[in-house]
1. Can you tell which of I114, I259, I171 shows the greatest fluctuation in a Gaussian network model of the chain with Cα springs below 10 Å?
2. In debye to the nearest 20, how big a dipole does the stretch 123-270 give about its Cα centre with +1 on each Lys and Arg Cβ and -1 on each Asp and Glu Cβ?
3. Please give the FRET efficiency for F111 paired with I193, using the beta carbon to beta carbon distance and R0 = 25 Å, rounded to the nearest 0.05.
4. Let me confirm the definition first: pairs of Lys residues in the chain, 8 or more apart or on different chains, C-alpha distance under 16 Å. How many are there?
5. Which value results when the Cα radius of gyration for the chain is divided by 2.2 N^0.38 Å?
6. For the chain, what does the relative contact order come out to in percent, with C-alpha contacts under 8 Å and a separation of six or more?
7. Within the stretch 96-132, find all residues whose amide N lies under 15 Å from a label point positioned 7 Å from the Cα of F239 along Cα-to-beta-carbon.
8. Would you mind getting the Kirkwood hydrodynamic radius of the stretch 193-280 from its Cα pairs, rounded to one decimal in Å?
Amino acid sequence: MFPSESRQLKDKENSIIFYILALIPAFLYLGIFFIYPLFLSIYYSFTNISLLNINNFNFVGFFNYTRLFTSSIFEQSIVITIVFFVFSAVIGQMFFGAIVAYVINGTNKFFGTIITLTILMAWATPQVVSGITWYSTLSYVPMGLANYILNSIGVAPIHFLSFHNALYMIIIANAWLGMGFSVLLFSSAIKNINPSVIKATVVDGAGSFSRFFRIIFPMLKQTILTDMILITLWTLGAFTLIFVLTHGGPSDSTNILTIYQYNTAFSVFNVGLANAIGVIIILAGVIMSLLYLKVIKIED
């Protein structure tokens with residue numbers, strides 16, 4: 001073997017060792033903060049572990065899962081979660097996020113920047129702060145900002161966080177909170193579309209929104225896929241904003257799965273059952289992400 005070849009081989013080996021060493025912290029982080037808790041959660045979901053007696057528990061098989069799927073509260077929570085997901089994530093964040101991104105790209109740079117920064121501020125705001133802000137705005141007693149404005153123009157105050165209205169309010173609040181990411185993603189994707197394609201539609205006489213729905217939106221499949229996977233996982237894991245606003249109430253009207261899981265663990269103290277709910281949430285996120293990938297693959 002020539003000296004130059006030997007040196008190249010040694011450099012290659014050193015590079016491989018360097019990359020392995022560089023990846024060790026990432027793998028340790030992944031193992032400690034994700035993989036280990038995940039398997040521990042799965043294990044606990046098959047036990048009767050309780051916060052009242054955390055060191056003394058038994059294996060109960062699928063009892064927790066059987067109990068969940070025969071529970072009317074769990075069924076109600078699933079329905080509420082689906083409604084919350086469809087209107088908050090799919091329509092509020094993804095669909096309207098794409099429309100806002102299109103409008104921003106079509107307006108002048110100054111106003112586009114102002115709109116983008118305003119939306120991104122909502123996305124960057126901590127959820128606790130957002131929750132307190134929304135509560136201060138929608139509160140009935142003491143009178144919040146929204147009711148103060150209504151009252152000042154002679155309109156009777158509205159109980160925005162009542163049993164009949166609370167779900168609508170958390171849908172709007174969560175859509176407002178998460179839309180910034182979708183706007184940023186779609187705005188970047190729209191800028192990368194070949195300008196000649198858009199010019200051709202203008203020549204053909206297509207209107208602004210006709211151009212969006214017939215030409216641009218179908219060209220954003222990969223961006224839609226990325227956005228839907230991420231906002232699905234975020235929305236299924238949504239907790240802080242809803243907890244601050246409604247605590248899952250009134251009368252369980254906003255009792256999405258994460259709130260139900262929290263109350264099961266820290267109000268009923270049934271950690272085993274709470275972990276079973278958590279496993280179901282994770283499975284739902286994985287299955288839905290795989291379905292998105294399948295649909296995009298079939299369409300391509």
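1. In this elastic network of the chain, the residue with the biggest mean-square fluctuation among I114, I259, I171 is I114.
2. 480 debye
3. E(calc), rounded to 0.05, equals 0.75.
4. So the count works out to 5.
5. In units of the 2.2 N^0.38 Å rule of thumb, it is 1.28.
6. On the way: 311 pairs, mean separation 83.9, N = 300.
Once divided by the residue count of the chain, the mean separation gives 28 percent.
7. Residues passing the 15 Å test: 127-128.
8. 16.5 Å
Just so you know, all these numbers are worked out from the coordinates, no wet-lab data involved. Everything numeric in this text was worked out from a predicted model, so none of it was measured. Glycine also receives a Cβ, built like all others from the backbone with ideal geometry; neighbour counts cover every protein chain displayed.
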